[in-house]
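**Q** Below is a structure I'd like to ask you about.
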Amino acid sequence: MRILIVEDDKKLAAFLKRGLEEEHYAVDVCGNGVDAIYYAQLNPYDIIILDILLPGKDGFTVCKELREKSIFTPIIMLTAKDSIEDKVTGLSEGADDYITKPFSFEELLARIRALLRRSQDYKTKILKVGDLELDPFRRSVTRGGKKIDLTGKEYALLEYLMRNKGRIVTQSMIIEHVWDMNYEGLSNIVNVYITRLRKKIDEDFEIKLIHTIRGHGYKIDEN
């Protein structure tokens with residue numbers, strides 16, 4: 001899952017980024033409204049955490065413009081303002097939730113998870129590819145009824161593949177969604193994690209689910 005934090009308080013932005021990355025989210029940060037619109041158009045985010053008092057364009061304007069551009073990524077407004085009028089304004093411009101500073105990180109995390117459940121069609125709850133099952137609520141993975149233990153990044157990569165079942169995803173798509181747009185680590189990081197996943201997901205099973213599409217990328221499929 002990939003999150004955009006739009007916050008001009010660098011200390012708060014760094015705190016939120018660190019906390020969300022520890023929860024295995026990929027996180028991008030920008031500090032003004034103009035960049036927020038650019039980032040949101042450029043990248044497929046799952047959640048936007050949007051401060052109201054921003055340089056360039058305020059959060060209300062950013063939210064309104066994103067909705068006008070048909071970008072319906074769930075937005076949590078994050079602000080020191082606590083008046084009913086501000087909440088009504090934010091929600092009427094297209095925000096999905098509203099949290100007032102100061103707040104606990106656990107509360108923000110709970111609101112993020114609630115929005116993700118609503119926005120990504122969790123009605124089926126369990127993601128399935130053949131006999132491989134991933135439960136996004138419990139963050140658990142099984143194959144053939146056998147529990148599979150994954151690291152945070154392995155889980156994030158597998159979930160991304162399973163949400164794109166049968167579709168080819170490129171290395172760039174994976175990097176942007178599972179890591180973030182500023183990743184500058186190993187160039188073969190995707191290959192490394194695909195190899196790790198194959199050992200855990202496919203090695204002990206006759207039917208292989210994770211496929212390399214040479215020259216294009218990867219896909220997960222039982223066929």
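**Q** Kindly establish whether G144 is outside the structural domain of G166 (by TED's automatic domain parsing), at positive phi and not charged (D, E, K, R).
**A** Answer is no for this residue.
**Q** G130 is checked against (1) under 22 Å from the mean Cα position of the chain (by Cα); (2) surrounded by 15 or more Cβ atoms within 10 Å (Cβ to Cβ); (3) at pLDDT 85 or above and fails just one. What number does that condition carry?
**A** (1)
**Q** Against the condition of a type in the set (S, T, Y), surrounded by fewer than 18 Cβ atoms within 10 Å (Cβ to Cβ) and under 20 Å from the mean Cα position of the chain (by Cα), how does Y38 come out, does it pass? Talk me through it step by step, then tell me what you get.
**A** Values: of a type in the set (S, T, Y): yes; surrounded by fewer than 18 Cβ atoms within 10 Å (Cβ to Cβ): yes; under 20 Å from the mean Cα position of the chain (by Cα): yes.
Yes; evaluated as a whole, the condition is true for this residue.
**Q** Every residue in region 67-90 that is surrounded by 12 or more Cβ atoms within 10 Å (Cβ to Cβ), assigned to a loop (DSSP other than H, G, I, E, B) and modelled with pLDDT of 80 or more, please.
**A** I71, T73, P74
**Q** List the pairs whose first member sits in region 105-116 and is without any contact (Cβ under 8 Å) to a residue 24 or more places away in the chain, whose second member is loosely packed, with under 14 Cβ neighbours inside 10 Å and of a type outside the set (G, A, S), and whose Cβ atoms are under 9 Å apart, counting only residues at least 6 apart or on separate chains?
**A** Pairs that qualify, where the first residue is without any contact (Cβ under 8 Å) to a residue 24 or more places away in the chain and the partner is loosely packed, with under 14 Cβ neighbours inside 10 Å and of a type outside the set (G, A, S), are R113/F137.
**Q** Just checking, which of T195, T151 is under 22 Å from L20 (Cβ atoms) and either crowded, with 17+ Cβ neighbours inside 10 Å or at pLDDT 85 or above (or both)?
**A** Among T195, T151, only T151 is under 22 Å from L20 (Cβ atoms) and either crowded, with 17+ Cβ neighbours inside 10 Å or at pLDDT 85 or above (or both).
**Q** Moving on. Does any residue of region 168-184 turn out to be in contact with an Asp or Glu (Cβ under 7 Å, 6 or more places away or on another chain), at pLDDT 90 or above and surrounded by fewer than 19 Cβ atoms within 10 Å (Cβ to Cβ)?
**A** Among the residues of region 168-184, not one is in contact with an Asp or Glu (Cβ under 7 Å, 6 or more places away or on another chain), at pLDDT 90 or above and surrounded by fewer than 19 Cβ atoms within 10 Å (Cβ to Cβ), which makes the answer no.
**Q** Pick out, from region 1-66, the strands (runs of 3 or more DSSP E) lying fully within it that include 1 or more residues that are of a type in the set (G, A, S).
**A** 26-30
**Q** Taking the condition within 30 Å of F137 (Cβ to Cβ) and either touching a residue at least 60 places away in the same chain (Cβ under 8 Å) or basic (K, R) (or both), does L50 pass?
**A** For L50, the condition - within 30 Å of F137 (Cβ to Cβ) and either touching a residue at least 60 places away in the same chain (Cβ under 8 Å) or basic (K, R) (or both) - is not met.
**Q** Within the group D46, D28, D97, which residue is outside the structural domain of N164 (by TED's automatic domain parsing) and more than 14 Å from the chain's Cα centre (by Cα)?
**A** Details: D46 fails: more than 14 Å from the chain's Cα centre (by Cα); D28 fails: more than 14 Å from the chain's Cα centre (by Cα).
Checking each option against the conditions leaves just D97.
The values are calculated or read from the model by the stated rules, or taken from the named source; none is laboratory data. All values derive from a computational prediction rather than experimental measurement. Cβ: placed from backbone, ideal geometry, glycine included. Neighbour counts: every protein chain shown.
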